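Let me begin by presenting the structure, written as structure tokens, before commenting on it.
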Ligand SMILES: Cc1cc2nc3c(=O)[nH]c(=O)nc-3n(C[C@H](O)[C@H](O)[C@H](O)COP(=O)(O)O)c2cc1C
């Protein structure tokens, strides 16, 4: 059966959210991205890194994702992190200006030789698998995913996750699964397809087109950790029942309470605003509740708002 991963999402895929996804059948996840240079030079107790690198006791296969452009920095960061994670993932897909401005993330697709040197340096520094998350290229004129993937394979990469868009597309347009299929055909290492898998039907379609070894799901999991059980059911040809609103509220509140236990209620209520907005997605009255959630200052208030939707929808 193909593996179904949670795609890394900065600001979202922390240990609490990952745990909810693992419980629904997710086969592996990745931390939010961590700057190699920042991590190496940050004081050890800096909260940002403590939170970024936190790993729940019951988490399954968890990769740490590192970004940077200097092979020796990335390798040094990987060496310090390798004993706490099941693999090292190198970010060669992030389109954000502050990342590509430093020649990291998807900017590495413009410098395949350097990308290969990074993979080789990390491979030499750690004994866990080394994987890469990449895109189709920088822009339409430079869609070099196939040759780039071969360079990474030759450098020793153990697996590739390919997001079916160029850097210039950011997150717009439709993911191009056909080009992901070409990458899969061009290399011997496992390839994971990524982009626009939002339910069981799109998961089956993506696997049919790409013939990949697995899928990585990003935005489809927002407010919806059940997508993993849905996709798993589709893969095994079983019926799947969506969660009731009661189950959605229970999960959303557990998400909030665990965030509060981790970071304190004040931070949790702020950080959870986006998650609560996703949990109510598609419900009648969602727009009103979203506005009110942005004004709420406690989880008790949020729970009352979520439960008020139940009455509106019956
Ligand atoms: C809010 C957000 C944050 C993201 N952060 C990262 C990241 O830190 N590292 C990374 O490799 N990809 C990151 N991505 C890209 C996703 O992993 C994924 O490639 C992309 O969303 C396409 O998959 P999807 O259509 O399933 O969402 C991010 C995407 C979003 C929407």
**Study point:** Calculated log₁₀ intensity ratio I(q)/I(0) where the Debye formula runs over C-alpha points of the chain, q = 0.06, 0.12, 0.13 Å⁻¹
**Key:** -0.20, -0.82, -0.95
Exercise for review: Order by neighbour count: 279, 171, fewest other Cβ atoms within 10 Å first, most last.
Suggested key: 171, 279
Study note, to complete from the structure: Note to self, the chain gives a 222 nm [θ] from helices alone (DSSP H runs n ≥ 4, -39500 (n - 2.57) apiece, / all residues, nearest 500) of -14000 deg cm²/dmol
Check your understanding: Which whole-angstrom value gives the distance between the alpha carbon centres of region 239-314 and region 117-156?
Key -> 39 Å
Check your understanding: Most exposed first by the Cβ proxy, i.e. fewest other Cβ within 10 Å, how do 59, 301, 246 rank?
Key -> 246, 301, 59
Revision key, fill the gap. Residue span residue 274 to residue 83: 0.36 nm per residue of separation minus Cα-Cα distance leaves a gain in nm of 65.5 nm
Exercise for review: Give the angle, between 0 and 90 degrees and rounded to the nearest 10, that separates the Cα long axis of helix 71-81 from the longest principal axis of the Cα atoms of the chain.
Suggested key: 50 degrees
Exercise for review: List the relative contact order of region 35-144 as a percent without decimals, with contacts defined as Cα pairs under 8 Å and 6+ residues apart.
Suggested key: 27 percent
Check your understanding: Ranking 49, 5 by Cβ neighbours within 10 Å, fewest first, what do you get?
Key -> 49, 5
Revision key, fill the gap. Output ordering of 12-19, 262-269 (per-residue mean of other Cβ within 10 Å, highest first) is 12-19, 262-269
Review point. Contour minus end-to-end for residue 205 and residue 297, with contour as 0.36 nm per residue of separation and end-to-end as the Cα-Cα distance?
Key: 28.9 nm
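Just want to confirm a number: the relative contact order over the chain, from Cα pairs under 8 angstrom separated by 6+ residues, in percent.
Once normalised by length, the contact order is 14 percent.
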Study note, to complete from the structure: Distance in nm between residue 241 and residue 113 label points, each 7 Å along Cα→Cβ, equals 6.1 nm
Review point. Taking the Cα atoms only, what angle lies between the long axis of helix 265-279 and the longest principal axis of the chain, rounded to 10 degrees?
Key: 90 degrees
**Study point:** Rounded tilt (10° steps) of 245-263 against the dominant C-alpha axis of the chain
**Key:** 70 degrees
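Every number in this text was worked out from the coordinates using simple rules, so none of it is lab data. What you see is a predicted model, and the numbers here were worked out from it, not measured in a lab. We place every Cβ from the backbone using ideal geometry, glycine too, and count neighbours over all the protein chains shown.
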